[in-house]
Amino acid sequence: MIPTLAYAARDSHSPLSPYSFERRDPREDDVVIEIQYCGVCHSDIHQVRDEWGGSRFPMVPGHEIVGRVTKVGPKVKKFKVGDLAGVGCMVDSCRHCHSCEDGLEQFCENGFVGTYNSVEKDGKTPTQGGYSNNIVVRESFALRISPKLELAAVAPLLCAGITTYSPLRHWKAGPGKKVGVVGLGGLGHMGVKFARSFGAHVVLFTTSPGKVEDAKRLGAHEVVISKDPKQMNEHAGTFDFILDTVSGPHDLNAYIHLLKRDGTMTLVGLPDKPPELPAFGLVMQRKSLAGSLIGGIKETQEMLDYCADHGITSDIEMIPIQKINEAYERMMRSDVKYRFVIDLASLKQ
Ligand code: NAP
Ligand code: ZN
């Protein structure tokens, strides 16, 4: 077994604190990764605080993992010792259902294995995430990372990156399309970067007037303060696509109102409370409300390669692991520019 240092939540209401446990020795198709950086996703907060229900403790969160391969099983082909590697939100799936065969492991019909707060395919071993100094993962769920980009700023691509890249590709954000992104946090700022890079006209919606200049620097053509009904109304009936990345309760109808006929609003944000949804808002102009979950392994690799080719990374604020509880509090106040990334070297001190 491999000794592992980490930070864990012991229950849904205490701060995260130091924790140690053991990972399995690598199987024939596993890689062992020494984790260098791990991004902090709002899903970590939802799960640590048991806002979605069913949380398992002790919980080591973290699913935006990058580091170096330190050991490989005998059947591993994609990696050798010393390579950079990444792990996102999944570490396994059934690998034979229709979704898995289509490269859409996030929709595995038998349930994918989450990187943490989940159970391995053996039905008993809890999975533990990237707020730790190593991880052992099946090579087919590890991603290749280009050395061209700043490693710490690549970490958030493993969740915030793919979660915005995938729906923007699926709903064909590109030239001639007016695309809205709601919320400028970890997901939102990647959504703005990708939508701009794909050639769409990009409008960012924020509740934080202090983020307007940043939104423009990150790639938004226009920025709307969503609390101002006048600014919102100026865009009524004009959007092809809106990507909603908001983590807390908010009014969806205000955005559905901004879609064109046949326009689509896709939710990636996962607030714990269900929204109110008047049918009229959708019915009158044949509008669609949809959802999207991360992305499959194939598309995640495609996204990472796209980022390496186009010089796209996340805007990050690096923290030592000891500051994780403070970072959660700042995220709850929407005070994140635009992703916290943990430097795991701090665990060794
Ligand atoms: P984050 O960095 O905390 O950003 C969320 C942003 O939403 C905030 O910065 C704020 O932006 C806005 N916001 C927060 N509360 C709001 C409220 N009550 N009303 C209006 N706006 C509000 O979070 P994140 O890591 O990007 O994650 C966002 C959500 O996506 C979370 O619910 C997370 O669980 C979910 N998620 C889903 C997937 C998926 O596969 N579908 C994957 C990862 C994460 P402004 O200051 O600009 O208003
Ligand atoms: Zn995430």
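The values are calculated or read from the model by the stated rules, or taken from the named source; none is laboratory data. No experiment lies behind these values; they were computed from the predicted model shown. Reconstructed Cβ throughout: ideal geometry from the backbone, glycine too, with neighbour counts over all protein chains shown.
Suppose the filter is in contact (Cβ under 8 Å) with a residue 60 or more places away in the chain, of a type outside the set (A, V, I, L, M) and either more than 16 Å from ligand 2 (Cβ to nearest atom) or exposed (fewer than 14 other Cβ atoms within 10 Å of the Cβ) (or both); does GLY67 pass it? Yes; evaluated as a whole, the condition is true for this residue.
Say we look at the stretch 192-211 and pick out the residues that are over 15 Å from PRO175 (Cβ atoms), touching a Lys or Arg at 6+ places or on another chain (Cβ under 9 Å) and aliphatic (A, V, I, L, M); which of these is farthest from ligand 1 (Cβ to nearest atom)? That would be VAL203.
Given the condition surrounded by fewer than 16 Cβ atoms within 10 Å (Cβ to Cβ), within 16 Å of ligand 2 (Cβ to nearest atom) and not small (Gly, Ala, Ser), answer yes or no: does some residue in the stretch 50-59 qualify? Looking through the stretch 50-59, at least one residue is surrounded by fewer than 16 Cβ atoms within 10 Å (Cβ to Cβ), within 16 Å of ligand 2 (Cβ to nearest atom) and not small (Gly, Ala, Ser).
Among the residues of the stretch 313-322, not a single one is among the charged types (D, E, K, R) and not assigned by TED's automatic domain parsing to the domain that holds LEU143.
Any residue at all in the stretch 149-157 that is modelled with pLDDT of 95 or more, within 15 Å of ligand 1 (Cβ to nearest atom) and either touching a Phe, Trp or Tyr at 6+ places or on another chain (Cβ under 6 Å) or aromatic (Phe, Trp, Tyr) (or both)? Yes, that holds for at least one residue. For the stretch 143-242, the helices (runs of 4 or more DSSP H) that sit wholly inside it and include 1 or more residues that are acidic (Asp, Glu) are 212-218. Per the listing ASP305, ASP309, the residue uniquely more than 19 Å from the chain's Cα centre (by Cα), modelled with pLDDT of 95 or more, within 26 Å of ARG169 (Cβ to Cβ) and more than 11 Å from ligand 1 (Cβ to nearest atom) is ASP309. Residue pairs whose Cβ atoms lie under 8 Å apart, separated by 6 or more positions or on different chains, with the first residue in the stretch 117-134 and charged (D, E, K, R) and the second part of a loop (DSSP other than H, G, I, E, B), are GLU120/THR127; LYS121/CYS94.
Could you check, for the stretch 103-110, whether at least one of its residues is modelled with pLDDT of 95 or more and part of a strand (DSSP E or B)? No, the stretch 103-110 contains no residue that is modelled with pLDDT of 95 or more and part of a strand (DSSP E or B). The set of residues from the stretch 97-129 being touching a Leu at 6+ places or on another chain (Cβ under 8 Å) and either hydroxyl-bearing (Ser, Thr, Tyr) or buried (at least 20 other Cβ atoms within 10 Å of the Cβ) (or both) comprises just one member, GLN106.
In this structure, does HIS46 turn out to be part of a loop (DSSP other than H, G, I, E, B), in contact (Cβ under 8 Å) with a residue 60 or more places away in the chain and within 16 Å of the chain's Cα centre (by Cα)? Answer is no for this residue.
Residue-by-condition table, conditions (1) closer than 16 Å to GLY129 by Cα; (2) surrounded by fewer than 20 Cβ atoms within 10 Å (Cβ to Cβ):
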| residue | (1), (2) |
| --- | --- |
| PRO3 | yes, yes |
| SER20 | yes, yes |
| PRO26 | no, no |
| ASP29 | no, yes |
| ILE35 | yes, no |
| GLY62 | yes, no |
| LYS71 | no, yes |
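Please find, within the stretch 1-35, the residue that is nearest to ligand 1 (Cβ to nearest atom) out of those that are of a type in the set (S, T, N, Q) and closer than 25 Å to ASP335 by Cβ.
SER12
Scanning the stretch 9-18 for residues that are more than 12 Å from ASN325 (Cβ to Cβ) and either surrounded by 13 or more Cβ atoms within 10 Å (Cβ to Cβ) or among the polar types (S, T, N, Q) (or both) turns up ARG10, SER12.
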